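The values are calculated or read from the model by the stated rules, or taken from the named source; none is laboratory data. Since the structure is predicted, the reported quantities are computational estimates derived from the model, not experimental observations. Because the Cβ atoms are built from the backbone with ideal geometry, glycine has one as well, and the counts that use them run over all protein chains shown. For accessibility, only protein heavy atoms count, side chains too; no ligands or nucleic acids. Shrake-Rupley method; radii C 1.70, N 1.55, O 1.52, S 1.80 Å.
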Amino acid sequence: MLPLLTASQIREADAYTIAHEPIASIDLMERASKAFVGWFVNHYPDKDMVISVYCGTGNNGGDGLVVARMLYGHQYKNINVKIARFSENSTGGFNSNLERLKRTAVNITEILPKSAFQVDGSRVIIDALLGTGLNKPLEGDYKRLVDHINSLDKTVVAVDMPTGLFADGEMPQGSVVLKTDLVITFQQPKINFLLPESGPYIKCWEAVNIGIDEKFIRSLDSPYQAVEEKDIRKMLKPRHRFSNKGTYGHTLIVAGQPETMGAALLCSSACVYAGSGLTTACVPQSGLMALNSYMPEIMAILRSGTEAPQIKWDSFNSMGIGPGLGKDDRAVGLLTDILTNYKNPVVIDADALNILSVHRELWRSIPENSVLTPHMKEFDRLFGDHANWWQRIQTGIQKAKEHSVYILLKNDYTIVITPPGKVYFNTTSNPAMASGGMGDVLTGIVASLLAQKYTPEEACVIGAYIHGRAGDELALPNRLNVVLPSQVARQLPVTMAKLMT
């Protein structure tokens with residue numbers, strides 16, 4: 001896992017590296033700026049274009065000064081540095097790098113408090129105004145300047161952070177943030193890059209290694225982690241000779257109404273494709289023909305009338321309930337029956353979550369280590385309204401511990417929250433997957449992995465990753481605008497095989 005650090009931990013890691021490598025602070029700035037420039041020149045190779053580098057007077061501004069000097073050394077000759085002198089304060093790193101830059105032919109101007117902003121004829125703007133030290137919304141001259149740059153409709157590349165965005169924590173509503181086309185960030189992405197609030201301000205980000213001490217970063221034991229491919233390769237279990245269908249468990253999917261059989265079909269088929277040895281779908285009797293036609297490998301327990309279906313609880317290694325189930329009295333009774341009688345972890349999704357949001361008395365019956373898979377609106381129905389995603393994460397940490405459940409909060413970077421308080425950000429998936437039924441597929445995958453004796457934590461982390469990875473393999477090479485849930489389900493065996501080689 002890649003640890004994701006808060007702003008205070010980033011400063012702590014920088015200080016440790018400076019003291020124990022050892023390396024001077026100004027040399028670490030040099031190294032970071034070199035990594036930035038290496039990425040920049042590969043993506044913006046036109047050395048005749050006009051570039052404006054906007055610098056604050058802190059360490060982020062110092063990085064910007066180094067970037068300007070290095071780009072000049074790479075024969076980018078049309079570089080203008082604009083220093084925001086909005087206070088008398090400046091860091092030693094900024095002052096030293098300003099003196100170095102003055103020894104070149106780079107044009108340097110200063111923007112003074114309350115001054116009018118000049119016309120900017122540059123094609124690319126590099127933002128080095130404010131970095132991870134920001135802990136309050138922009139105001140005054142910085143707010144005016146960012147509003148001005150946002151109005152210019154230029155290509156904007158940020159050094160480490162877009163000015164105005166917090167590295168972590170809640171972003172107050174109405175905050176002004178610089179809109180960037182690319183952020184070249186140092187060492188690892190900032191936590192808020194992975195939350196939807198960053199969407200309007202960051203089109204793309206890339207993390208570059210600047211040599212911060214990795215052992216020390218891991219010693220900080222951040223609860224926030226980004227899932228990497230190597231983690232999934234370690235977790236996945238290849239199949240072996242002399243195994244059989246019983247080796248890979250039996251999953252029950254309780255889903256669907258006559259009008260929503262699609263959800264049941266998607267969920268149960270994903271369960272099969274993800275490797276469950278046996279899969280049974282508990283569906284309305286009217287849906288049996290659709291089930292048999294769609295995938296004959298799936299067995300059925302039929303629901304008819306008001307009577308509860310006869311389920312042999314000990315026959316199943318895992319269960320998933322909710323997709324397309326409905327919220328009527330029969331659905332409430334069925335969920336109650338399952339939570340009362342089944343003692344293994346259950347994957348609870350969609351309508352089953354909505355039932356839980358109304359029938360709070362059912363919470364005490366949820367088996368320990370069960371998995372809840374809400375999207376944002378379902379999460380808020382369960383736990384109350386939230387103003388932002390940072391609040392949801394903090395609530396998720398509290399509720400996962402309180403109820404001894406895993407929460408798989410669906411998002412662009414789907415978030416897995418564990419009872420001990422770990423928060424894992426998934427790093428696969430793409431906008432082509434934004435289609436109804438995609439969550440049903442994910443529920444089937446997680447339930448399937450539980451049946452195959454993966455731990456609930458492994459099932460959530462692997463499930464989110466291979467779900468997104470299958471979508472990536474379909475959409476990205478072919479530049480597809482839309483990938484359907486059924487396509488993702490069918491891709492799963494190929495995706496999993498690639499990760500096991």
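Quick notes
- Straight-line cross-link partners of Lys245 among the aspartates and glutamates, defined as a Cα under 13 Å from its Cα and at least 8 positions apart when in the same chain: Glu297.
- Count Lys and Arg as plus one, Asp and Glu as minus one, and take only other residues whose Cβ is under 13 Å from that of Gln118; the net charge is then -1.
- Amide H to amide H, with H built 1.01 Å from N, Thr427 comes under 5 Å of Val227, counting only residues 5 or more places away or on other chains.
- The aspartates and glutamates whose alpha-carbon is closer than 20 Å to the alpha-carbon of Lys377, local same-chain residues fewer than 8 away aside, are Glu170, Glu197, Asp328, Asp349, Asp351, Asp385, Asp412, Asp440.
- Label point at Lys114 placed 7 Å out along Cα→Cβ; residues across segment 135-169 whose backbone nitrogen lies under 16 Å: 140-145
- Quarter the surface of the alpha carbon convex hull of segment 105-220 and you get the mean projected area, 8.8 square nanometres.
- Counting only DSSP beta bridges with both residues in the chain, the antiparallel share comes to about 15 percent.
- Ordering of 373-380, 298-305, 235-242 by packing [mean C-beta count within 10 Å, highest first]: 373-380, 298-305, 235-242
- Backbone N within segment 263-282 under 18 Å of label point (7 Å from Arg490 Cα along the Cβ vector): 263-275
- Sequentially through segment 57-65, phi angles give Karplus couplings (6.51, -1.76, 1.60; θ = phi - 60°) of 10, x, 5, 5, x, x, 4, x, 5 Hz, Gly and Pro residues having no value and appearing as x.
- Centre-to-centre separation between the Cα atoms of segment 249-280 and those of segment 450-500: 16 Å.
- Computed from Cα atoms, the angle from the helix 92-102 axis to the main principal axis of the chain rounds to 60 degrees.
- Degrees, to the nearest 10: 25-43 long Cα axis against longest axis of the chain: 70 degrees
- Relative contact order of segment 418-501, pairs being alpha-carbon contacts under 8 Å that are 6 or more residues apart, as %: 39 percent
- Hits among lysines - C-alpha to C-alpha of Lys215 under 27 Å, sequence gap 8 or more where chains match: Lys34, Lys190, Lys230, Lys234, Lys422
- The smallest convex shape that holds all Cα atoms of the chain, its convex hull, gives 156 Å³ per residue.
- Average accessible area per residue (Å²) across segment 297-446 - probe 1.4 Å, nucleic acids and ligands excluded: 40 Å²
- Note on Asn478 and His74: the model spin-label points, each 7 Å out from Cα along the C-beta direction, lie 3.6 nm apart.
- Hydrodynamic analysis of segment 81-144 uses the Kirkwood radius over alpha carbon pairs. Inserted into Stokes-Einstein at 37 °C and 0.692 mPa s, it gives a translational diffusion coefficient of 241 µm²/s.
- Taking θ as phi - 60° and the Karplus parameters 6.51, -1.76 and 1.60, the scalar couplings of segment 119-135 work out to 4, 10, x, 6, 8, 10, 10, 9, 9, 9, 7, 9, x, 6, x, 5, 9 Hz in sequence order, x denoting glycine and proline.
- Between Ala387 and His148, the distance separating the two model label sites (each 7 Å from Cα on the Cα→Cβ line) works out to 3.0 nm.
- Sorted peptide list for 358-368, 254-264, 270-280, criterion being average Cβ within 10 angstrom, highest first: 270-280, 254-264, 358-368
- Cα-Cα separations in segment 2-49 greater than 17 Å, expressed as whole percent: 52 percent
- Computed in the context of the full set of protein chains, the accessible area of the chain at 1.4 Å probe radius has 51% of its extent on carbon or sulfur.
- Coupling constants for segment 463-474 follow from the phi torsions by the Karplus curve (6.51 cos²θ - 1.76 cosθ + 1.60, θ = phi - 60°), and in residue order they are x, 5, 5, 6, 4, x, 5, 4, x, 5, 5, 7 Hz; glycine and proline get x.
- Three-way shape label, segment 240-345, alpha-carbon gyration tensor, a/c 1.5: oblate
- Normalised by the number of residues in segment 23-106, the average gap of Cα pairs under 8 Å and 6 or more apart makes the relative contact order 35 percent.
- Value of Rg to Rh for segment 360-489 (Rh from inverse mean 1/r over Cα pairs, i.e. Kirkwood): 0.98
- Under the criterion of Cα pairs below 8 Å and six or more residues apart, the relative contact order for the chain equals 13 percent.
- Computed with a 1.4 Å probe over protein heavy atoms only, the accessible surface of segment 198-247 comes to 65 Å² per residue.
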